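Asker: Submitted below is the structure of interest, expressed as structure tokens.
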Amino acid sequence: MKRNILVSFAFLFVFVSANVCAEGELTIVSWGGSYAKASIDGIFKPFEEETGIKVIVEDYNGGLAQIRAQVETGNVHWDVVDVESQDDLIGCDEGLLEYLDDLELPDAPDGTPAEDDFFEDANSDCGIGNIVWATVIAYNSTGFESDPPSTMSDFFDLEKYPGKRGMRRTPEVNLEFALIADGVPPEDVYETLSTDEGLDRAFKKLDSIKDSIVFWETGAQPPQLLADKEVAITTAYNGRIFNAINLEKQPFVIVWDGHIRDYGQWVIVAGAPNLENAKKFLQFAARTTSMAEVSNRISYGPLRHSAWELVDKHVDTNIDMRPHMPTAPENSKNFLVNDAEWWAEHRDDLFERFSAWLNR
């Protein structure tokens with residue numbers, strides 16, 4: 001009898017311990033590299049310390065393919081994912097993401113309600129905004145001794161600025177850049193892309209440099225392409241180039257003209273195994289202070305107005321971070337905000353056309 005009691009207690013201990021571990025974990029998927037490090041140090045570790053919930057970090061290259069596969073097979077092992085704004089809308093519409101209409105977000109430090117403090121369109125039915133980031137063009141200054149590139153049209157000018165061009169292997173941003181370089185005002189880009197003539201115009205502009213394009217897929221590749229001088233100019237995520245310049249002392253220069261801004265969003269995968277912990281994380285990440293902690297580690301801006309007041313010096317280098325943000329006034333003279341709804345509607349058709357264009 002004594003032996004049976006001991007066995008029962010041992011079984012109970014194992015059962016309870018296993019459940020405590022399960023309840024105390026959370027898998028968060030982000031973009032890797034310097035941005036992931038900023039998120040780990042700025043949000044994930046403080047969240048762990050405050051809640052006792054262990055954060056498991058995984059990397060991916062964006063898109064919905066892995067989320068869709070997990071949900072459709074019923075084998076969901078991701079909880080929270082950092083997505084681009086159009087993937088949030090598409091995933092929500094397809095039922096791949098949890099609805100967050102019952103999630104209460106924290107007010108700003110001065111009491112301003114969250115809905116009044118977040119940027120317009122930063123949040124959605126399934127997503128909570130975390131950063132504003134930009135795709136910019138950048139070059140290695142050692143390749144341009146005088147009259148360096150300074151506009152989006154310079155990116156497409158192979159005669160004046162010869163050399164390879166780096167571009168992400170996707171129609172998003174590339175089509176917008178092509179029209180901006182071809183003289184379309186940013187405010188007219190999506191209206192132009194909504195016509196057959198506008199799409200033909202964008203692809204024709206891409207045709208003009210197609211033989212000189214080196215395509216990249218991960219955020220870490222553009223800085224490496226510049227460092228190795230495999231390209232003369234490349235599109236890139238602004239935070240990656242900021243880190244290469246200021247932490248790795250690379251001689252790179254960002255051209256802000258014509259840049260495309262987008263909002264990063266936290267979403268919860270439908271059927272997430274740690275749903276309640278995921279919701280707790282989103283509430284933590286939505287704090288004004290949490291957003292500022294990330295922006296003080298990499299040059300992606302916060303999506304709450306109150307967090308801008310807390311953007312200060314880089315935690316490691318003491319560099320003033322505000323001038324390096326996409327939303328800084330000096331960087332905001334000619335730019336376009338990604339239209340997530342437009343891309344959610346047109347993405348499948350344009351990916352098909354872009355793939356055909358690549359293979360021609």
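The values are calculated or read from the model by the stated rules, or taken from the named source; none is laboratory data. Quick caveat, the model's predicted, so the values are computed rather than measured. Every residue, glycine among them, receives a Cβ derived from its backbone with ideal geometry; neighbour counts consider all protein chains shown. Side chains are part of the model used for accessible areas, which takes the heavy atoms of the whole protein and leaves out ligands, DNA and RNA. Shrake-Rupley method; radii C 1.70, N 1.55, O 1.52, S 1.80 Å.
Asker: In the neighborhood of Lys37, defined by Cβ-to-Cβ distances under 12 Å, what is the net charge if each Lys or Arg adds +1 and each Asp or Glu adds -1? Don't skip to the answer; put the middle values down first.
Answerer: On the way: positive: Lys45, Arg240, Arg297; negative: Asp41, Asp59, Asp316.
Net charge around Lys37: 0.
Asker: Dipole size in debye (nearest 20) for the chain around its Cα centre, Lys and Arg Cβ +1, Asp and Glu Cβ -1?
Answerer: With Lys and Arg at +1 and Asp and Glu at -1, about 1660 debye.
Asker: Another one. May I ask for the Rg/Rh ratio of region 63-127, computed from Cα atoms with Rh as the Kirkwood radius, given to two decimals?
Answerer: Over the Cα atoms of region 63-127, Rg/Rh equals 1.05.
Asker: Could you tell me the distance between the Cα centroids of region 66-133 and region 33-58, to the nearest Å?
Answerer: If you average the Cα positions of each part, the centres end up 18 Å apart.
Asker: Taking the Cα centre of each part, how many Å lie between region 285-360 and region 203-257?
Answerer: Taking the Cα centre of region 203-257 as reference, the centre of region 285-360 is 17 Å away.
Asker: May I pose another question? So for region 196-329, Kirkwood radius off the Cα pairs, Stokes-Einstein at 37 °C and 0.692 mPa s: how many µm² s⁻¹? Numbers along the way, then the final one.
Answerer: Details: Rh = 17.5 Å.
For these conditions, the coefficient is 187 µm²/s.
Asker: Just how large is the dipole of region 257-360 about the Cα centre, in debye to the nearest 20, putting +1 at every Lys and Arg Cβ and -1 at every Asp and Glu Cβ? Walk me through the numbers before you get to the answer.
Answerer: Numbers: 12 positive and 15 negative charges, 47 e Å.
Magnitude of the dipole: close to 220 debye.
Asker: Mind checking the per residue accessible area of the chain for me, 1.4 Å probe, whole number of Å²?
Answerer: Result: 46 Å² per residue.
Asker: Would you mind counting up the charge near Ala292? Only other residues with Cβ under 12 Å from its Cβ, with Lys and Arg at +1 and Asp and Glu at -1.
Answerer: +2
Asker: Restricting attention to region 113-161, which GluC sites (Glu not before Pro) occupy a DSSP loop and are surrounded by at most 10 other Cβ atoms within 10 Å?
Answerer: On the way: sites: Glu115, Glu120, Glu145, Glu159; in loops: Glu120, Glu145, Glu159.
Of the GluC sites (Glu not before Pro), the ones in loops of region 113-161 whose Cβ has at most 10 other Cβ atoms within 10 Å are Glu120, Glu145, Glu159.
Asker: Helix-derived [θ] at 222 nm for the chain: sum -39500 (n - 2.57) over DSSP H runs of at least 4, divide by residue count, nearest 500?
Answerer: Helix contribution divided over all residues of the chain: -11500 deg cm²/dmol.
Asker: Where in the chain are the DSSP H helices whose alpha-carbon span along the long axis reaches 18 Å or more and whose Kyte-Doolittle mean is at least 1.0?
Answerer: Helix filter hits for the chain: 2-23.
Asker: What do you get for Rg/Rh of region 166-234 when both radii come from the Cα atoms and Rh is the Kirkwood radius?
Answerer: Taking Rg over the Kirkwood Rh, I get 1.03.
Asker: Calculate log10 I(q)/I(0) of region 107-152 for q = 0.13, 0.26, 0.31 Å⁻¹, where I(q) comes from the Debye formula with a single equal point scatterer on each Cα and nothing for solvent.
Answerer: So the normalised log intensities are -0.56, -1.03, -1.15.
Asker: Rounded, prolate or oblate: pick one for region 65-173, where a ≥ b ≥ c are the square roots of the eigenvalues of its C-alpha gyration tensor, a/c under 1.5 means rounded, and failing that, prolate if a/b is larger than b/c, else oblate.
Answerer: Oblate is the answer for region 65-173, as a/c is 1.5 or above yet b/c matches or exceeds a/b.
Asker: May I pose another question? What number results when the radius of gyration of region 120-275, computed over Cα atoms, is divided by 2.2 N^0.38 Å?
Answerer: 1.13
Asker: Considering Cα pairs under 8 angstrom that are at least six residues apart, work out the relative contact order of the chain and quote it in whole percent.
Answerer: Once normalised by length, the contact order is 26 percent.
Asker: Students often check this: by mean Cβ neighbours within 10 Å, which of 56-67, 85-96 ranks highest, and how do the rest follow?
Answerer: 85-96, 56-67
Asker: Out of Thr112, Phe155, Ile260, whose Cα points farthest toward the positive end of the dipole of the chain (charges: +1 Lys, Arg; -1 Asp, Glu; placed on Cβ)?
Answerer: Final value for the positive-end residue is Phe155.
Asker: Length gain on complete extension for the stretch Lys313 to Lys249, per 0.36 nm per residue less the alpha carbon to alpha carbon distance?
Answerer: Extra length available between Lys313 and Lys249 comes to 21.3 nm.
Asker: Next question. Taking a 31 Å limit on the Cα-Cα distance, which of the listed pairs Lys54/Lys229; Lys54/Lys249; Lys160/Lys249 fall beyond it?
Answerer: Result: Lys54/Lys229; Lys54/Lys249 exceed 31 Å.
Asker: Less than 12 Å Cβ to Cβ from Asp211, Lys/Arg counted +1 and Asp/Glu -1: what total charge do the surrounding residues give?
Answerer: Net charge around Asp211: +3.
Asker: Farthest toward the dipole's positive end in region 46-144, which of Asn123, His77, Ser141, given Cβ charges of +1 (Lys, Arg) and -1 (Asp, Glu) about the Cα centre?
Answerer: The residue sitting most towards the positive pole is Ser141.
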